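Presented below is the structure to which this report refers.
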Amino acid sequence: MKDCILHNPRCSKSRETLQLLQARGVELPVVEYLQQPLAKAELRELCQRLGVKPLDIVRTKEELFAELGLARDNGYSDEQWLDVLASHPKLMERPIVVYRGRAAIGRPPENVLQLL
């Protein structure tokens with residue numbers, strides 16, 4: 001996965017993170033992941049770079065999570081959670097910055113500073 005910010009322009013934390021990077025002179029390609037969803041393999045790689053399991057980047061408080069009948073303790077495997085994220089990119093935590101082989105979730109936006 002190339003350096004980028006996985007961005008949702010409607011999300012205030014995503015906008016703040018993008019501004020934080022730009023203020024520090026870090027210009028990254030912006031990937032609007034709702035328009036360009038990540039493939040399952042990209043999501044797997046992203047989790048590896050973050051050092052987390054797929055469930056850790058699922059927005060469990062998102063309305064869609066409940067609408068789909070999902071639950072944190074439903075016994076899904078990592079691969080099944082990757083399938084969920086690939087099919088429903090709205091459920092992915094945001095923003096996520098990939099930079100120089102590592103990744104960080106921008107919640108709060110200052111989290112991404114560890115990558116710089």
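Can you tell me which of P95, P29, P37 moves the most in a GNM of the chain? Springs connect C-alpha atoms under 10 Å apart. The residue that fluctuates most here is P29. Give the angle, between 0 and 90 degrees and rounded to the nearest 10, that separates the Cα long axis of helix 78-87 from the longest principal axis of the Cα atoms of the chain. Here the helix axis deviates by roughly 70 degrees. Run the reach check for K2 against aspartates and glutamates, Cα to Cα strictly under 20 Å, same-chain hits fewer than 8 apart removed. What comes back? Hits, sequence-local ones excluded: E27, E32, E42, E45, E93. Pairs of lysine in region 4-115 with Cα under 16 Å and at least 8 positions apart or on different chains: total? Within region 4-115, the lysine pair count is 5. Relative to the longest principal axis of the Cα atoms of the chain, the long axis of helix 12-23 lies at roughly 30 degrees. Taking trypsin sites (Lys or Arg not before Pro) as exposed when DSSP calls them loop (any state but H, G, I, E, B) and at most 11 other Cβ atoms lie within 10 Å, what is the longest stretch of the chain free of them, the sites themselves excluded? Free of exposed loop sites, the longest segment is 25-60. Which of rounded, prolate, oblate describes region 70-116, given a ≥ b ≥ c as roots of the alpha-carbon gyration tensor eigenvalues and a/c under 1.5 marking rounded, otherwise prolate only if a/b is larger than b/c? Note, shape of region 70-116 comes out prolate.
Taken over the chain, the alpha-carbon convex hull comes to 95 cubic angstrom per residue.
Between the listed residues Q19, P108, L85, the Cα displaced farthest toward the positive end of the dipole of the chain, a dipole computed from Cβ unit charges relative to the Cα centre, is found at Q19. Computed from Cα atoms, the angle from the helix 40-50 axis to the main principal axis of the chain rounds to 60 degrees.
Computed from the coordinates by the stated procedures, all read-outs in this text should not be read as laboratory data. Predicted, not measured: the structure shown is a model, and the values here were computed from it. Virtual Cβ from ideal backbone geometry, glycine too; neighbours counted across all protein chains shown.
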